[in-house]
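Participant: Questions regarding the structure given below will be posed in turn.
The values are calculated or read from the model by the stated rules, or taken from the named source; none is laboratory data. Because the structure is predicted, anything quoted here is derived from the model rather than measured. Every residue, glycine as well, gets a Cβ built from its backbone with ideal geometry; the counts of neighbours run over all protein chains shown.
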Amino acid sequence: MIPSTTEMFRALVSTPSVSCADLQIDQSNIDVINHLANWLDDLGFDVVVKPLESNRNKANLLARKGSGDGGLVFAGHSDTVPCYESQWDVDPYALTEKDGRFYGLGTCDMKGFFPLAIAACAAIDDAKLEKPLCVAATSDEETSMAGARELEALGFPKADAAVIGEPTDLVPAYTHKGIALTKVIITGVAGHSSDPDAGVNALDVMHQVISSLIEFRNELKSKYANEAFAVHYPTMNLGCLHAGDVPNRICAHAELEFDIRLLPNMNAQLLLDDIQRRVADIAAHTGAEIRVESCCPIIPPFETNTNGNLVRHLANVTKHAPRGVAFGTEAPFYQALGMETVVFGPGSVNQAHQPDEYISLDRLKPTQAILEELIHTYCATP
């Protein structure tokens, strides 16, 4: 026997698994993975908990029931973003039910997908399974996507189709933008502020870099478009700037971090090469040293054929036309393993990464029913 859906929600929400580039905040996800492993083991799945090669404090879960080729994967990530508890009206690490909602960190993005997927798996008669049914849970999706990258390198899981249970309001998402988190680092020369020529001011140079980036951003907006997205052009957000130390010294160091949201079929490396050429010209005439670095590996854009079986199936079941979403997911890594992949799950991205994150209770039973129907379609005897 496995716990009720509510009890699974409660266990996952009350088990912190924050993923953050700041190691003082970052947490292990292994306790969450162990919860999932125990429940799936009780359902007769062959379960493997695999620590990451890059961080033994983190792990992926791979669970499989049935033999042969093909079948279906339910996939998601076990980590959450950090939260500031003072901004919440409820305890983020305790499941709170009120106003027809489950509140708690991860209820929407995306621990809440797992209880529904596991309940759907529990409802299927094992004797009817003709193709494998798999559940995959990864680590660090909210930062480096290291878990999904290692799954791709491992070459597992393999199936006909994969459902990534991110919050899409139960609308099938067939495409999303890629993300290139980038940093420009400028090293100038310090000096007394009374004589500007005594040094090279990194903030003055950064002003030129930012102007060039804004010009480049406008070029991208005019050159590329994809109507699948509400924001139909690639974006560049200048996110944070750190520079200098005191006002009476020529600034010798400045760093700018920004993100580029790429449309499908755009080449991230070519864009970064273009930025590198632009800043090299600025460096040549200012005398500053300028470096362009990736903050983390690029998250590729994702797109699957809208005529694919899984996309059409989910569109028919939900009566919603497939659409694009602006946020990045692990979908491209599962797609790279040869599976038709769709992003599809309960909850709204508008609640993700927000104080008082929640999922509406009226989404739970419809989600489980759709997942059960997918298992019958892809894995079971009619």
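Participant: Is it the case, given these coordinates, that K221 is surrounded by fewer than 19 Cβ atoms within 10 Å (Cβ to Cβ), in a helix (DSSP H, G or I), under 26 Å from the mean Cα position of the chain (by Cα) and assigned by TED's automatic domain parsing to the domain that holds Q269? Before the answer, list the steps.
Facilitator: Working: surrounded by fewer than 19 Cβ atoms within 10 Å (Cβ to Cβ): yes; in a helix (DSSP H, G or I): yes; under 26 Å from the mean Cα position of the chain (by Cα): yes; assigned by TED's automatic domain parsing to the domain that holds Q269: yes.
Considered against the rule, which asks whether it is surrounded by fewer than 19 Cβ atoms within 10 Å (Cβ to Cβ), in a helix (DSSP H, G or I), under 26 Å from the mean Cα position of the chain (by Cα) and assigned by TED's automatic domain parsing to the domain that holds Q269, K221 comes out as yes.
Participant: Something else about it: Quick check on region 128-146: of everything there that is modelled with pLDDT of 95 or more and β-branched (V, I, T), which residue is nearest to A161 (Cα to Cα)?
Facilitator: V135
Participant: Another question, if that's okay. Could you check E152 against (1) crowded, with 19+ Cβ neighbours inside 10 Å; (2) in contact with a Phe, Trp or Tyr (Cβ under 6 Å, 6 or more places away or on another chain) and say which number it fails?
Facilitator: Result: E152 fails condition (1) only.
Participant: Of the residues T96, T107, which is of a type in the set (S, T, Y), surrounded by fewer than 21 Cβ atoms within 10 Å (Cβ to Cβ) and under 20 Å from D362 (Cα atoms)?
Facilitator: Sole residue among the options that is of a type in the set (S, T, Y), surrounded by fewer than 21 Cβ atoms within 10 Å (Cβ to Cβ) and under 20 Å from D362 (Cα atoms): T96.
For every residue, the table says whether it meets (1) in contact with a strand residue (DSSP E or B) (Cβ under 9 Å, 6 or more places away or on another chain); (2) surrounded by fewer than 18 Cβ atoms within 10 Å (Cβ to Cβ).
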{"position": "C295", "(1), (2)": "yes, yes"}
{"position": "N316", "(1), (2)": "no, yes"}
{"position": "Q335", "(1), (2)": "yes, no"}
{"position": "T341", "(1), (2)": "yes, no"}
{"position": "L364", "(1), (2)": "yes, no"}
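Participant: Of all residues in region 305-323, which are in contact with a Lys or Arg (Cβ under 8 Å, 6 or more places away or on another chain) and over 16 Å from H176 (Cβ atoms)?
Facilitator: Going through region 305-323, the residues in contact with a Lys or Arg (Cβ under 8 Å, 6 or more places away or on another chain) turn out to be 306.
None; the set is empty.
Participant: List the pairs whose first member sits in region 80-95 and is under 12 Å from E357 (Cβ atoms), whose second member is in a helix (DSSP H, G or I) and hydrophobic (A, V, I, L, M, F, W, C), and whose Cβ atoms are under 6 Å apart, counting only residues at least 6 apart or on separate chains?
Facilitator: L95/F9; L95/V13
One line per residue, one yes/no per condition, for (1) assigned to a strand (DSSP E or B); (2) touching a Pro at 6+ places or on another chain (Cβ under 6 Å); (3) among the β-branched types (V, I, T):
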{"residue": "T168", "(1), (2), (3)": "no, no, yes"}
{"residue": "L181", "(1), (2), (3)": "yes, no, no"}
{"residue": "M206", "(1), (2), (3)": "no, no, no"}
{"residue": "I210", "(1), (2), (3)": "no, no, yes"}
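Participant: If I go through region 257-273 residue by residue, how many of them are outside any loop (DSSP other than H, G, I, E, B) and loosely packed, with under 13 Cβ neighbours inside 10 Å?
Facilitator: Counting residues in region 257-273 that are outside any loop (DSSP other than H, G, I, E, B) and loosely packed, with under 13 Cβ neighbours inside 10 Å gives 3.
Participant: Also, I was wondering about something else. Could you please find all residues in region 4-17 being surrounded by fewer than 21 Cβ atoms within 10 Å (Cβ to Cβ) and in contact (Cβ under 8 Å) with a residue 12 or more places away in the chain?
Facilitator: T5, T6, R10, A11, S14, T15, P16
Participant: For the subset of region 44-63 comprising residues that are surrounded by fewer than 22 Cβ atoms within 10 Å (Cβ to Cβ) and in contact with a Ser or Thr (Cβ under 9 Å, 6 or more places away or on another chain), which member is nearest to G147 (Cα to Cα)?
Facilitator: L52
Participant: If you don't mind, another one. If you check L310 against the conditions, is it in the same structural domain as I185 (by TED's automatic domain parsing), part of a helix (DSSP H, G or I) and either touching a residue at least 24 places away in the same chain (Cβ under 8 Å) or of a type in the set (S, T, Y) (or both)?
Facilitator: no
Conditions tested, residue by residue: (1) in the same structural domain as R261 (by TED's automatic domain parsing); (2) at pLDDT below 95; (3) under 30 Å from D362 (Cα atoms).
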{"site": "P157", "(1), (2), (3)": "no, yes, no"}
{"site": "E166", "(1), (2), (3)": "no, no, yes"}
{"site": "K183", "(1), (2), (3)": "yes, no, no"}
{"site": "V200", "(1), (2), (3)": "yes, no, no"}
{"site": "F216", "(1), (2), (3)": "yes, no, no"}
{"site": "A230", "(1), (2), (3)": "yes, yes, yes"}
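Participant: Could you check region 9-126 for strands (runs of 3 or more DSSP E) lying wholly inside it with 3 or more residues that are farther than 24 Å from L314 by Cα?
Facilitator: Fully inside region 9-126 and qualifying: 46-51, 59-65, 96-98, 101-103.
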